[in-house]
1. To test your reading of the geometry: what angle, between 0 and 90 degrees and rounded to tens, separates the Cα axis of helix 106-119 from the longest principal axis of the chain?
2. Among 303-309, 31-37, 57-63, how do they line up by average Cβ neighbours within 10 Å per residue, starting with the highest?
3. Which ordering of ILE214, ILE87 is given by a fewest-first count of other beta-carbon atoms within 10 Å?
4. Give me the angle, in degrees from 0 to 90, between the Cα long axis of helix 349-368 and the longest principal axis of the Cα atoms of the chain, rounded to the nearest 10.
5. Mind ranking 369-378, 266-275 by how tightly packed they are, going by the mean number of other C-beta atoms within 10 angstrom, highest first?
6. Provide the descending list of Cα extents for the chain along its principal axes, expressed in whole angstroms.
7. Quick check for the chain: number of Lys pairs with alpha-carbon distance under 25 Å, counting only pairs 8 or more apart or on different chains?
8. Pairing the Cα long axis of helix 42-52 with the longest principal axis of the chain, what angle in degrees results, from 0 to 90 and rounded to the nearest 10?
Amino acid sequence: MTEDRLNIALVGAAGLVAAPAHLNSIPLIERMNFAAVCDVDADAVQLLARERGVDKAYSSYEELLADPDIDAVDLVTPPFMHAEMAIAAARAGKHVYVEKPMARSLGEGRAMVQAAADAGVRLQVGESYIFHGPHVIARDLIDAGEIGEVLQVRETRDPWVFNETENARLDGRGHHIAWRYDPELSGGGDFPWMMDHAPHFFATARLFNGMTAIERVNAMARPHGEGREAHLRGVTAVTWMYEGGEADGLWMQADMGAEAARYIGFRTEVIGTRGTLLVFGEGGGSAPGFPQVAPVTLIANGTEKYFDPEEGEDRSWASNNSYYDRAHGNTLRHFADTVLDGIPSLYTPKDGIADLTATLATIKSAMDGRPIALSDVPDDWTAYGAG
Ligand SMILES: NC(=O)c1ccc[n+]([C@@H]2O[C@H](COP(=O)([O-])OP(=O)(O)OC[C@H]3O[C@@H](n4cnc5c(N)ncnc54)[C@H](O)[C@@H]3O)[C@@H](O)[C@H]2O)c1
């Protein structure tokens, strides 16, 4: 590592969903040197290295960790591998960027934090919603007092609509990868989708309220999903109270088709004492056929103002704001800056633990049918081992 460049290795590089966003982003980050790709799929990783002009290709994670030229690992492997891989990397003296969900239990997450602290390396959970362009604009407007005091954060997940190129690339597989439906490998028990996505929703909920902690959640579960997801139970609505009791929030989703919606993807309305923000997140915007809306709208003083980070359209979704790949690239760029400059992270390991706790509490609430305080999630509690 020089003062200017972090030698990074992408692990899980042949993956279908997160890896392409990282493969596209890393070469654009001035302060990163794309030093290696690693995946158990040896053929795929050799091909990737050739195609992407990356010097080294590893099919053994242990061999990668023994390489003294590697400063940091970027783990885009499935959740059941996060703790083990992050801890091994820290012990090998590598800085660690690990995709969400951070881990499957608070115990695993805390062991990761401890290993990084012991080794004196940085640990960053890849919470890309925090660094998504429209979210950053909205956070800045909130922090500047444009909507007054935050009273309520209302999040909605409407259908995500693939763009045609991405649909063709995934060849009908979509995000239907085996571990995503497995109770233990995903970590989510009967609620694997929630385990995979709720960390994003809680990170956003806190981002739009000064990173205030969430105190308790109440989740509603019902049969949800079709086809390969039909055996799963889903959470369709969650409410929460922030610590201090001065604001609350909710998240909701329904499985309608895009043709039934005015908006698609993830969006948040932040209600303040003096204004409202309408913010589009992952895959967010107008449904096909409707005039496109601005990524961020500020409603205050009886008028509307529009904001756009101008990061381009999304690669995966039909959306006018780039979650894949720009939010991922923004998050990775921040990681490089924190390592190279030793500055505090805007999303600390403590934040990773906070959003994992809210996620586990949500699943526990859905299972138990009652509100759950985050302080009541034991360190060794897992969604797949419970009940
Ligand atoms: N931030 C986001 O928006 C976002 C988006 C998608 C996925 N993710 C997260 O990224 C992670 C990966 O998800 P995905 O859908 O891309 O998974 P994926 O199954 O498509 O890819 C995982 C890759 O890891 C590889 N792998 C498995 N074991 C390995 C080992 N021991 N060494 C090296 N490589 C190994 C697999 O061969 C595979 O290529 C998950 O935690 C997921 O939640 C985050």
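1. The helix 106-119 is inclined about 50 degrees to the chain.
2. 31-37, 57-63, 303-309
3. Result, fewest neighbours first: ILE87, ILE214.
4. 60
5. 266-275, 369-378
6. 57, 46, 43
7. 5
8. Taking Cα atoms only, the helix is inclined about 80 degrees.
None of the figures in this text is laboratory data; all of them are computed from the coordinates on show. Keep in mind it's a predicted model, so treat the numbers as computed, not measured. Heads up, the Cβs are rebuilt from the backbone with ideal geometry, glycines too, and the neighbour counts pull from every protein chain shown.
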